Amino acid sequence: MIRKPAVAGAFYPGDAESLKRLIESCFLDDSGIGFIPELSDFDNGDYPINVMVPHAGYQYSGAIASYGYCKIVENGFPEVFIILSPNHTGFGTEISVFNEGQWITPLGSVDVDSEFADEIISVSDIASADFHAHLREHSIEVQLPFLQYFSDDFKIVPITMGTQTFVTSNDLANAIFEAGNKLNRSYCVIASTDLSHFNNQEKANKVDGFVLEDIEEMNEFKLFEEVIQYNITMCGYGPVMTTIALSKMSNKSNCEILAYKTSGDVTGDLSSVVGYASGIFK
């Protein structure tokens with residue numbers, strides 16, 4: 001299966017040179033990390049971090065994403081990136097694993113690690129091979145150019161969560177952990193999520209503060225409870241819950257929130273904003 005770009009020319013430029021320049025500007029932006037990191041070498045083993053990054057159009061969230069990607073680049077690339085996303089389209093299954101083929105962006109193609117993907121499906125009680133959830137979903141696609149800018153020597157396992165609950169997140173975390181151990185792959189999990197949507201700036205800062213505190217405390221239970229109790233419109237809490245649970249299984253028991261901004265900080269319109277954050281689990 002060849003997965004062609006769905007949001008090239010909208011969320012990011014559709015031609016390679018413009019895309020590279022925009023990625024560079026994300027790193028160098030006043031709200032970005034401030035420099036373009038150099039890719040380190042990583043010797044195979046237990047990759048030291050997992051990350052959380054946003055997935056809006058690059059002009060809105062790319063600078064915040066640069067913080068998470070800088071940490072990946074500084075640690076070097078593992079063999080596989082397992083990219084977890086919410087499901088914005090409603091198509092597909094509870095946990096949809098894109099288990100074979102390639103993903104195309106203006107910067108080239110990325111192979112799916114079919115063996116790793118199929119092992120996750122085999123271990124999980126819920127995950128299944130499914131392409132439909134991925135065809136128009138943007139929140140995995142927008143992560144790939146940030147990786148491709150630095151290297152083409154990696155594979156991916158794209159996973160979209162149509163159902164975001166304790167059951168699905170714990171099942172998926174366990175499946176990734178068991179599959180990674182069996183195959184002895186080095187891998188990094190990327191949790192793709194934006195935070196609250198369409199509140200004013202003051203309320204967004206308040207409710208996003210709640211969830212970021214839960215994430216930094218590595219408390220997926222409280223995160224889920226507060227998202228539901230306060231109707232916090234964080235789209236990718238399932239991927240983040242999965243990443244927290246998996247990180248703790250992998251002896252990564254600390255989280256650091258690296259950066260936070262809203263769309264209002266970019267546009268100046270503070271009446272209706274979306275929150276963005278980068279963080280690492282280590």
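The values are calculated or read from the model by the stated rules, or taken from the named source; none is laboratory data. Just so we're clear, the structure is a prediction, and the values are computed from it rather than from any experiment. Neighbour counts run over all protein chains shown; Cβ positions are idealised from the backbone, glycine included.
Out of curiosity, is residue 31 polar (S, T, N, Q), part of a strand (DSSP E or B) and either in contact with a Pro (Cβ under 7 Å, 6 or more places away or on another chain) or modelled with pLDDT of 95 or more (or both)?
For residue 31, the condition - polar (S, T, N, Q), part of a strand (DSSP E or B) and either in contact with a Pro (Cβ under 7 Å, 6 or more places away or on another chain) or modelled with pLDDT of 95 or more (or both) - is not met.
When you look at residue 277, is it closer than 26 Å to residue 58 by Cα and not hydroxyl-bearing (Ser, Thr, Tyr), yes or no?
For residue 277, the condition - closer than 26 Å to residue 58 by Cα and not hydroxyl-bearing (Ser, Thr, Tyr) - is met.
Give the residue, chosen from 131, 146, that is aromatic (Phe, Trp, Tyr), modelled with pLDDT of 95 or more, more than 16 Å from residue 177 (Cα to Cα) and surrounded by fewer than 23 Cβ atoms within 10 Å (Cβ to Cβ).
131
Residues of region 138-175 being within 22 Å of residue 13 (Cα to Cα) and over 13 Å from the mean Cα position of the chain (by Cα), which ones?
Matches in region 138-175: 148, 149, 150, 151, 152.
Report, ordered by the first and then the second residue, all pairs with beta carbons closer than 9 Å, sequence separation of six or more or different chains, a first member in region 197-224 that is surrounded by 23 or more Cβ atoms within 10 Å (Cβ to Cβ), and a second member that is among the charged types (D, E, K, R) and not in a helix (DSSP H, G or I).
As it stands, the answer is 223/217, since those pairs meet every condition given.
Could you check residue 35 against (1) buried (at least 24 other Cβ atoms within 10 Å of the Cβ); (2) over 17 Å from residue 153 (Cβ atoms) and say which number it fails?
The single condition residue 35 does not satisfy is (1).
For region 250-265, state whether one or more residues are buried (at least 20 other Cβ atoms within 10 Å of the Cβ), within 26 Å of residue 27 (Cβ to Cβ) and in contact with a Pro (Cβ under 8 Å, 6 or more places away or on another chain).
yes
So the check is Cβ under 6 Å with 6+ separation or different chains; which pairs have a first residue in region 139-160 that's under 13 Å from residue 108 (Cα atoms) and a second one that's surrounded by fewer than 24 Cβ atoms within 10 Å (Cβ to Cβ) and polar (S, T, N, Q)?
From region 139-160, the pairs are 144/105; 145/105.
Quick test of your reading of the structure: residue 244 fulfils all but one of (1) surrounded by 17 or more Cβ atoms within 10 Å (Cβ to Cβ); (2) over 19 Å from residue 260 (Cα atoms). Name the failing condition by number.
Answer for residue 244: the failing condition is (2).
What number goes with the only condition from (1) among the charged types (D, E, K, R); (2) farther than 19 Å from residue 56 by Cα; (3) within 17 Å of the chain's Cα centre (by Cα) that residue 178 does not pass?
(3)
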